[in-house]
């Protein structure tokens, strides 16, 4: 498991005092209110920043970071990812998982047939869609609903699904 979890990406600046605009990667956008610090990873360096202020605008998070006081400095952080330390996060409810932990898991039918590995997961609004890719690159899209998703075993690296009629 990864030590850090990505919770958003800086997509732009906001205003003239160094605020950044963040696209959140979380179901609970208000989680940003509970954060005191954040790590920013721009693929060159990972640095911890103290959070001075958090606001919300439409579906985006606006954040003021300590030491980032100009548009130019905020612009330097554009396209960087926001990370939190997994060890400091509250435990997830039963049946709720971080997407990063599900990627790469093998997916089997409840009859034991290997369908492939989880390649991506995206949300449609009503439920998640699991993109399962086999070794030939063929994709299968599976809805993350209880009728289909039967068991997730992170320790064994395996997801068991039930293929309902008309799904494939």
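Side notes on the structure shown:
- Residue count for region 130-154 under the criterion of being outside any strand (DSSP E or B) and within 18 Å of residue 119 (Cα to Cα): the result is 9.
- Every test in (1) part of a strand (DSSP E or B); (2) free of Cβ contacts under 8 Å to residues at least 40 places away in the same chain is passed by residue 93 save one, and that test is (1).
- Looking across region 52-62, the residues that are free of Cβ contacts under 8 Å to residues at least 40 places away in the same chain and either touching a helix residue (DSSP H, G or I) at 6+ places or on another chain (Cβ under 8 Å) or closer than 13 Å to residue 30 by Cβ (or both) come down to 54, 55, 56, 59.
Each row is one residue, and each column tells you yes or no for (1) assigned by TED's automatic domain parsing to the domain that holds residue 146; (2) exposed (fewer than 10 other Cβ atoms within 10 Å of the Cβ); (3) at pLDDT 90 or above; (4) part of a strand (DSSP E or B).
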| site | (1), (2), (3), (4) |
| --- | --- |
| 11 | no, no, yes, yes |
| 17 | no, no, yes, no |
| 31 | no, no, no, no |
| 44 | no, yes, no, no |
| 52 | no, no, yes, yes |
| 56 | no, no, yes, yes |
| 68 | no, no, yes, no |
| 83 | no, no, yes, yes |
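- Within region 70-81, the set of residues being part of a loop (DSSP other than H, G, I, E, B), in contact with a strand residue (DSSP E or B) (Cβ under 7 Å, 6 or more places away or on another chain) and surrounded by fewer than 18 Cβ atoms within 10 Å (Cβ to Cβ) comprises 78, 79.
- Filtered by the rule that a residue be part of a loop (DSSP other than H, G, I, E, B), farther than 19 Å from residue 6 by Cβ and in contact (Cβ under 8 Å) with a residue 40 or more places away in the chain, region 99-129 gives a lone residue, 110.
- Looking across 61, 96, one residue alone is within 19 Å of the chain's Cα centre (by Cα) and surrounded by 15 or more Cβ atoms within 10 Å (Cβ to Cβ). It is 61.
The values are calculated or read from the model by the stated rules, or taken from the named source; none is laboratory data. Keep in mind it's a predicted model, so treat the numbers as computed, not measured. Positions of Cβ are backbone-derived with ideal geometry, glycine not excepted, and every protein chain shown enters the neighbour counts.
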